[in-house]
């Protein structure tokens, strides 16, 4: 099962400790409030490049991801129109989704992966979908799906593994 670490924001994260402890396959640099986002994103991509098998993704900015030579871009559920452009630049694309229809749309437009959320309770993210719903979405689509939302324990990860989901994405799990 693939692991996808989504940063909580800010650059005061000890990326190297988190990588050494959990060795995520994918890491998203996401910081919605930084005045130094471009500079911090560049340092983030450089850190990830030091680790074989760790893929760096930039949040929502296709051109910046391309410029920094990140592996890809993670688009919001309001950015489906950018999938083809990102793919034309050679970037891998992850799209945030919350319904089966969004998963299928991302798949049709050529995204490589989606996050599907929230699976478990996550503050401020609405009612959890649960693993039965996740399993149904996995069975009805042909795209790599990362379960997202409220994943903080190994027990939850085991529940996700039982759905044949591609992987899981989390913020809080990687800080435990």
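The values are calculated or read from the model by the stated rules, or taken from the named source; none is laboratory data. From a predicted model like this one, the values you see are computed outputs, not experimental measurements. Note that each Cβ is placed from the backbone with ideal geometry, even for glycine, and that neighbours are counted across all protein chains shown.
Please state which one of 2, 87 is surrounded by 15 or more Cβ atoms within 10 Å (Cβ to Cβ), touching a residue at least 60 places away in the same chain (Cβ under 8 Å) and within 18 Å of residue 113 (Cβ to Cβ). Even if it seems obvious, please write down each step before you answer.
On the way: 87 fails: touching a residue at least 60 places away in the same chain (Cβ under 8 Å).
Unique residue meeting the criteria: 2.
Residues checked against (1) surrounded by fewer than 12 Cβ atoms within 10 Å (Cβ to Cβ); (2) at pLDDT below 95:
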residue: 9; (1), (2): no, yes
residue: 21; (1), (2): no, yes
residue: 26; (1), (2): no, no
residue: 35; (1), (2): yes, yes
residue: 43; (1), (2): no, yes
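Specify which of the listed residues (76, 117) is modelled with pLDDT of 95 or more, farther than 23 Å from residue 53 by Cβ, out of contact with any helix residue (DSSP H, G or I) (no Cβ under 7 Å at 6 or more places or on another chain) and surrounded by fewer than 18 Cβ atoms within 10 Å (Cβ to Cβ).
76
Counting only residues that are touching a residue at least 40 places away in the same chain (Cβ under 8 Å) and farther than 16 Å from residue 3 by Cβ, which one in the range 121-176 is farthest from the chain's Cα centre (by Cα)?
Taking the candidates together, the pick is 140.
On the given criteria, is residue 143 surrounded by 14 or more Cβ atoms within 10 Å (Cβ to Cβ), at pLDDT 95 or above and farther than 15 Å from residue 120 by Cα?
Numbers: surrounded by 14 or more Cβ atoms within 10 Å (Cβ to Cβ): yes; at pLDDT 95 or above: yes; farther than 15 Å from residue 120 by Cα: yes.
Yes.
Check the range 91-101 and report whether any residue there is at pLDDT 95 or above, surrounded by fewer than 17 Cβ atoms within 10 Å (Cβ to Cβ) and in contact with a helix residue (DSSP H, G or I) (Cβ under 8 Å, 6 or more places away or on another chain).
Scanning the range 91-101 turns up at least one residue that is at pLDDT 95 or above, surrounded by fewer than 17 Cβ atoms within 10 Å (Cβ to Cβ) and in contact with a helix residue (DSSP H, G or I) (Cβ under 8 Å, 6 or more places away or on another chain).
Which pairs have Cβ atoms under 9 Å, sit 6 or more apart or on different chains, and link a residue in the range 51-67 that is at positive phi and in contact (Cβ under 8 Å) with a residue 12 or more places away in the chain to one that is assigned to a strand (DSSP E or B) and crowded, with 18+ Cβ neighbours inside 10 Å?
From the range 51-67, the pairs are 60/73; 60/74; 60/75.
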